[in-house]
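Novice: Below is a structure I'd like to ask you about.
Values in this text are rule-based calculations from the coordinates and carry no lab data. None of the values given here were measured: they were computed from a predicted structure. Neighbour counts run over all protein chains shown; Cβ positions are idealised from the backbone, glycine included.
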């Protein structure tokens, strides 16, 4: 069974530029999560999708971050414009159902904002 | 708002020791609790998942307990090995991570 795929693995941009990350969850998983992990901290949930609907985006900085999950499968997370403090690893995870099931994580995208 | 605290923040032990990692959380209205392992520069691997109706789960040398009423969970690692060196993260559902305990097991 293929795992959660993310791309790119690394990205370096300058502040005020835009960037997008892509995630392909495990086939059949209805729930998809995006997390931000700053060095030395635990991951912080940015947004949770159930199929193509948003379940929780309470910690998503909506003035600069956006995410979508087309057709309830792949998802894209965008930052526009990026700030220095956005430098972090962005992790995508999926689970068959919300709440009761294990989350499976992708390798992450490491973003550096200069 | 769920607040998750993991103690200790870092731990260094000699190989073979039994050890306990602690996690406390403020909101007991959780539907499960997961323990993850994170190796440097890599993604997260789920170790154990305890449903809210359960009190513990075991997998090999790992045992995790859950006390919802007191907002606590512990991860017990028996006979630690150098390969256990990693950061261990506690996640009371839904999806609120602690900062983790960085474990180093010395040969």
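Novice: Using the Cα atoms of chain B, I'd like the radius of gyration and the largest Cα-Cα distance, Dmax, both in angstrom.
Specialist: 13.0, 41
Novice: Arrange the following residues from fewest to most other Cβ atoms within 10 Å of their Cβ: A:102, A:31.
Specialist: Taking fewest neighbouring Cβ atoms as first place, the list is A:102, A:31.
Novice: Using the basic label-point model (7 angstrom from Cα toward the beta carbon), what is the residue A:12 to residue A:78 distance in nanometres?
Specialist: 2.6 nm
Novice: What fraction of the Cα pairs in the protein assembly as shown, stated in percent, has a spacing above 23 angstrom?
Specialist: In whole percent, the share of Cα-Cα pairs in the protein assembly as shown beyond 23 Å is 47.
Novice: Sticking with this one: Based on the alpha-carbon set only, what is the convex hull volume of chain A divided per residue, in Å³?
Specialist: Dividing the Cα hull volume of chain A by its residues yields 94 Å³.
Novice: Also, I was wondering about something else. Let me have the relative contact order for chain A, percent, based on Cα pairs under 8 Å that are six or more residues apart.
Specialist: Relative contact order here is 37 percent.
Novice: First measure r as the distance between the Cβ atoms of residue B:51 and residue A:56, then evaluate 1/(1 + (r/R0)^6) with R0 = 22 Å and state the FRET efficiency to the nearest 0.05.
Specialist: Given R0 = 22 Å and the Cβ-Cβ separation, E is 0.65.
Novice: Can you put B:85, A:18 in order of Cβ neighbours within 10 angstrom, beginning with the fewest?
Specialist: Numbers: B:85 17, A:18 11.
Final ranking by Cβ density, sparse to dense: A:18, B:85.
Novice: Provide A:55, A:4, B:91 in ascending order of the number of other Cβ atoms located within 10 Å of each residue's Cβ, fewest first.
Specialist: A:55, A:4, B:91
Novice: Once the Cβ-Cβ distance between residue B:22 and residue B:59 is put in as r, and R0 is 22 Å, what FRET efficiency do you end up with, to the nearest 0.05? Spell out each step's value before the answer.
Specialist: Working: r = 19 Å, r/R0 = 0.85.
That gives a FRET efficiency of 0.75.
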